[in-house]
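Notes follow the structure.
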There are 2 protein chains.
Amino acid sequence: MPDVYLCGTGGMKPLPDRALTGLWTEHKGTALLIDCGEGMQISLARMGRSLAKLELLLITHFHADHVAGLPGLLLSAGNYGKTSPLTICAPRGGKRIIENICCICGAIPFDINIHELDPEGERFSFDDLEIAAFPLRHRIECFGYSITEHRLPVFVPEKADALGVPLNMRGILHHGGSVEINGRKITPDMVTAQKRPPLKITYITDTVYFEKLAYHAADSDLLVCEGMYGSDEFIPQMREKGHMVFSQSARVARDSHSKELWLTHYSPALRDPFEYESQVKSLFPAAVIGRDGMYKNIK
Amino acid sequence: MPDVYLCGTGGMKPLPDRALTGLWTEHKGTALLIDCGEGMQISLARMGRSLAKLELLLITHFHADHVAGLPGLLLSAGNYGKTSPLTICAPRGGKRIIENICCICGAIPFDINIHELDPEGERFSFDDLEIAAFPLRHRIECFGYSITEHRLPVFVPEKADALGVPLNMRGILHHGGSVEINGRKITPDMVTAQKRPPLKITYITDTVYFEKLAYHAADSDLLVCEGMYGSDEFIPQMREKGHMVFSQSARVARDSHSKELWLTHYSPALRDPFEYESQVKSLFPAAVIGRDGMYKNIK
């Protein structure tokens with residue numbers, strides 16, 4: 001059941017009252033961060049998150065507002081006592097760019113493994129989470145990410161008791177294996193209740209709108225999606241700059257059958273995104289105007 | 001008469017309630033900034049300063065807490081409408097390092113001229129200010145800076161009237177030239193009042209204490225000086241890490257005959273620098289515990 005924190009809601013540049021967009025996810029004691037713009041370590045400190053837990057950093061793309069906070073984050077993670085390795089997934093060129101921007105860091109007391117993503121997208125595991133990186137359409141190579149937790153079905157101890165399953169065999173059954181007791185084969189379905197659907201979080205920024213976004217975000221429990229402006233009048237300008245407006249984000253949420261949408265990555269010129277709240281809710285009722293430091297336990 | 005703004009008071013890393021140290025100076029419509037740690041553009045926005053005015057950036061050294069905000073600052077200055085060139089003075093290696101950390105910037109719409117300083121120190125002019133860069137003693141090459149305004153003496157129109165000096169000759173006299181009127185030589189001292197001493201601001205961070213600091217800061221109207229900790233018990237540890245404590249900063253202020261001392265660049269572990277206020281004032285009465293966003297018009 002991942003805990004999700006919206007680190008900030010700004011795009012382009014950090015403002016005194018609006019940090020840059022990023023998503024911090026904690027799951028079973030380890031943390032995963034998407035993007036690291038200038039001031040990310042301030043946002044994390046404000047939310048009381050410990051950098052020592054960070055094990056995976058997913059970078060959407062190499063524009064400064066998504067990555068300029070990396071040198072400070074790495075240094076502070078070291079000062080925080082982090083010694084375990086950090087994996088960074090990023091678009092092509094990532095090794096060189098990260099090496100360049102971190103030339104002001106000196107020695108970092110933990111290993112950093114940088115993985116450059118296939119431009120077509122990739123799927124990989126992180127602990128028991130499944131991560132999907134999928135290509136977005138921005139001015140430079142850019143990825144969206146989905147984080148999926150495939151959950152075990154609910155185990156029913158009463159059923160196991162009735163079948164005489166000893167304690168040391170219950171884990172095998174819960175994780176999908178079968179066992180034999182007194183010559184009788186016991187299968188997982190005999191000791192579990194209903195299957196549970198996976199939990200999925202999808203993060204989409206920066207990109208123009210395109211239909212396949214809904215495919216990537218399909219059935220998300222939480223879709224965190226960019227919207228630079230609230231008004232549709234900005235659609236042509238945003239298409240040119242590689243971004244979306246709220247109604248397009250709502251369309252992705254609706255077409256993907258997502259349960260909830262958090263809007264984020266507002267233009268500095270959009271002073272009050274709440275002005276457009278009722279409008280976006282009329283398109284997708286479970287839309288939420290993102291606020292810095294917003295938290296949710298996904299379950 | 002420069003206006004001086006203390007952008008932040010932190011060292012090592014930005015905190016939610018304490019930005020990183022830097023000094024913004026405005027003088028006759030143009031601005032000069034010393035250092036640019038992560039979040040500098042947030043501090044400047046908070047203080048209402050316009051990045052379009054920035055013409056000179058002085059970098060003390062290339063540790064991340066003094067320079068990691070540069071990519072964001074340059075991008076935002078461009079978005080702010082800055083088109084005039086920016087000069088950056090920095091320690092040796094500056095061209096390569098700045099090029100590296102700014103590889104995430106894309107195109108900047110103004111020229112950037114990077115000047116690598118002589119390790120022995122340098123003096124140069126910026127508009128009608130005189131800038132001195134002098135070597136500090138830190139873990140890597142590092143410079144302190146003094147900014148001096150040499151002021152003209154006060155012009156006395158009544159004296160000029162009595163001598164029959166026409167308006168178009170008064171500027172020449174005020175700026176130190178002589179003129180001849182009806183065969184009589186008029187010299188500057190005949191139309192001016194007392195000479196005015198120069199105005200001087202000195203900025204010192206990061207460094208261990210050494211005696212010559214007082215020489216560089218001599219007769220400053222304002223000395224902005226690092227102090228990582230308030231207590232003398234940290235002197236050995238700070239000597240090792242290349243820093244000072246408050247009492248050493250006070251000693252520099254006293255020995256340099258500075259008029260006022262602003263302490264800054266506190267360790268994140270120093271939660272309340274005001275605890276040491278009376279102690280440092282007993283050593284140097286004009287000591288001020290620096291606060292983020294502090295402002296002074298130097299005159």
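Between copies, how close do the A:Gly93 label points come, placed 7 Å along Cα→Cβ, listed in nm from shortest?
2.5
By counting other Cβ atoms within 10 Å of each Cβ, how are B:Cys142, A:Cys105 ranked from fewest to most?
So the residues, fewest neighbours to most, are A:Cys105, B:Cys142.
Among DSSP beta bridges whose residues both lie in the protein assembly as shown, state the antiparallel percentage, nearest 5.
Given both bridge residues lie in the protein assembly as shown, the antiparallel proportion sits at roughly 55 percent.
Mind jotting down a quarter of the surface of the convex hull over the alpha carbons of the protein assembly as shown, in square nanometres, one decimal?
Mean shadow area of the hull around the Cα atoms is 35.2 nm².
For region A:137-180 and region B:1-35, what is the separation of their C-alpha centers, rounded to whole Å?
The two parts, judged by their Cα centres, are 54 Å apart.
Counting only residues 5 or more places away or on other chains, whose amide H sits under 5 Å from the amide H of A:His115 once H atoms are built in the peptide plane?
The answer is A:Ile88, A:Cys89, A:Ala90.
Measuring from a point 7 Å out along Cα→Cβ, what nm distances, shortest first, does A:Tyr295 have to its partners in the other copies?
Shortest to longest, the spacings are 3.6 nm.
Under the convention of a label 7 Å out along Cα→Cβ, give the distances in nm from B:Gln194 to the same position in every other copy, shortest first.
Here the equivalent label points are 8.9 nm apart from this one.
If you take the square roots of the eigenvalues of the alpha-carbon gyration tensor of region A:101-141 and sort them as a ≥ b ≥ c, do you get rounded (a/c under 1.5), prolate (a/b over b/c) or oblate?
Cα axes put region A:101-141 in the oblate bin.
Which of the lysines could a cross-linker bridge to B:Lys195, judged by Cα under 20 Å and excluding same-chain residues fewer than eight apart?
B:Lys159, B:Lys259, B:Lys299
Just to be sure I understand: chains B and A are related by a rotation, so which residue of B has its Cβ closest to that axis, and how close in Å?
In residue-and-Å form, the answer is B:Asn100, 2.
Identify all aspartates and glutamates with a Cα-Cα distance to B:Lys200 below 14 Å; exclude those on the same chain that are fewer than 8 residues away in sequence.
In chain and number order, the partners are B:Asp3, B:Glu26, B:Asp128, B:Glu130, B:Glu149, B:Asp219, B:Asp221, B:Glu260.
May I have the extent of the alpha carbons of chain A along their three principal axes, as whole Å values ordered from largest to smallest?
The Cα atoms of chain A stretch 70, 51, 35 Å along the principal axes, largest first.
Find which of A:Leu129, A:Gly81, A:Ile98 sits farthest along the positive direction of the dipole of region A:19-155, computed with +1 on the beta-carbon of Lys and Arg, -1 on that of Asp and Glu, about the Cα centre.
Highest projection toward the positive end goes to A:Gly81.
Give me the percent of DSSP beta bridges within chain A that run antiparallel, rounded to the nearest 5.
The antiparallel proportion sits near 55 percent.
With both bridge residues required to lie in region A:49-181, what share of the DSSP beta bridges run antiparallel, to the nearest 5%?
Roughly 60 percent of the beta bridges in region A:49-181 run antiparallel, per DSSP.
Quick one: grab the alpha carbon gyration tensor of region B:177-298, order the square roots of its eigenvalues as a ≥ b ≥ c, and give me rounded if a/c is under 1.5, else prolate or oblate depending on whether a/b is larger than b/c.
Prolate, since a/c reaches 1.5 and a/b exceeds b/c.
Each reported figure results from applying straightforward, stated rules to the coordinates on display, with no laboratory input. Only a predicted model underlies this, so the values are computations on that prediction, with no experimental measurement involved. Quick reminder, even Gly has a Cβ in these numbers, built from the backbone with ideal geometry, and neighbours come from all protein chains shown.
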